[in-house]
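Read through the structure below, which is laid out as structure tokens, and then see the notes.
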Amino acid sequence: MELITDSLYKISIYHIMKGAVHADAQVSVFIDYNNNQLYDVPNERIFSGVASVNSFYLNGTFNTPLNPALNVATGLRVVLNNDLSPNGASDNGVGTYVSGETEDYLVKFKLKQLIPNAVVDQDVINQIGVYPNPTSSKVYVGFNLQEDLPVELSVLSLTGAMLETHTLNGMKGPHVEEIQLGGYSKGTYFVRLQTTKGSFVRRVIVE
């Protein structure tokens with residue numbers, strides 16, 4: 001994944017266990033901006049929050065620095081830890097814990113291109129996530145709606161045929177919707193979120 005220097009990014013953490021069994025967890029995200037193989041906190045801890053059994057969809061923002069290591073793969077770490085007390089793994093990105101998960105990714109930084117008088121579009125729906133993907137039964141579709149608009153949530157075949165649709169109302173803010181896909185044949189499908197101001201599509205694989 002490529003990130004741009006000196007930019008504001010939205011981050012969405014969608015913490016759901018595949019078997020629909022959920023526990024409270026401290027969620028922390030780190031980026032090794034200077035590529036020194038360490039997570040230098042607090043500057044390189046970019047997000048921290050708690051996912052609970054009733055609120056497991058977390059949103060936040062972070063700003064990338066002006067001068068990170070450029071054009072090299074550097075670490076991004078996500079720690080989901082069921083220990084909510086202060087601890088090394090969640091606070092510093094390194095350490096052991098009894099129950100949880102650590103996920104490691106690579107990101108690469110590019111210089112920001114300055115475009116005078118540029119206009120930035122604001123999507124009415126953002127922070128869209130589909131989990132688990134691939135799936136053998138259900139998926140959870142998480143998204144954040146900027147305005148109080150009806151949303152049509154649809155499942156489409158690979159050819160674009162509509163297989164099912166659900167209308168959601170009064171949805172402003174973050175939301176998670178469950179869709180059962182266990183009855184579908186193995187293959188690739190699309191989940192579409194549509195409003196009067198645009199539509200947004202994510203691919204999902206049934207295995």
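Couple of notes before you dig in:
- Count Lys and Arg as plus one, Asp and Glu as minus one, and take only other residues whose Cβ is under 11 Å from that of residue 2; the net charge is then +2.
- Cβ-Cβ distance of residue 168 and residue 2, R₀ of 30 Å, FRET efficiency by 1/(1 + (r/R0)^6): the value works out to about 0.40.
- Region 2-110 - percent relative contact order, Cα under 8 Å, separation 6 or more: 35 percent
- Taking 0.36 nm per residue of sequence separation and removing the Cα-Cα distance, the residue 105/residue 11 pair yields an extension gain of 32.4 nm.
- For the listed residue pairs 138/186; 10/108; 110/197; 10/138; 172/197; 10/112, the alpha carbons are over 20 angstrom apart in 110/197; 10/138.
- At q = 0.15, 0.18 Å⁻¹, base-10 log of I(q)/I(0) for the chain (Debye sum, equal scatterers on each alpha carbon): -1.10, -1.31
- Virtual paramagnetic centre 7 Å along Cα→Cβ of residue 201, amide N under 11 Å, in region 139-157: 156-157
- Relative to the current alpha-carbon distance between residue 54 and residue 96, full extension at 0.36 nm per residue lengthens the span by 12.5 nm.
- Residues in region 41-52 carry Karplus couplings, in order, of 7, x, 5, 9, 9, 9, 7, 8, x, 10, 8, 10 Hz; the curve used is 6.51 cos²θ - 1.76 cosθ + 1.60 with θ = phi - 60°, and Gly or Pro positions show x.
- Contour excess over end-to-end distance, with Cα ends at residue 62 and residue 176 and 0.36 nm allotted per residue: 38.8 nm
Every number in this text was worked out from the coordinates using simple rules, so none of it is lab data. From a predicted model like this one, the values you see are computed outputs, not experimental measurements. Virtual Cβ from ideal backbone geometry, glycine too; neighbours counted across all protein chains shown.
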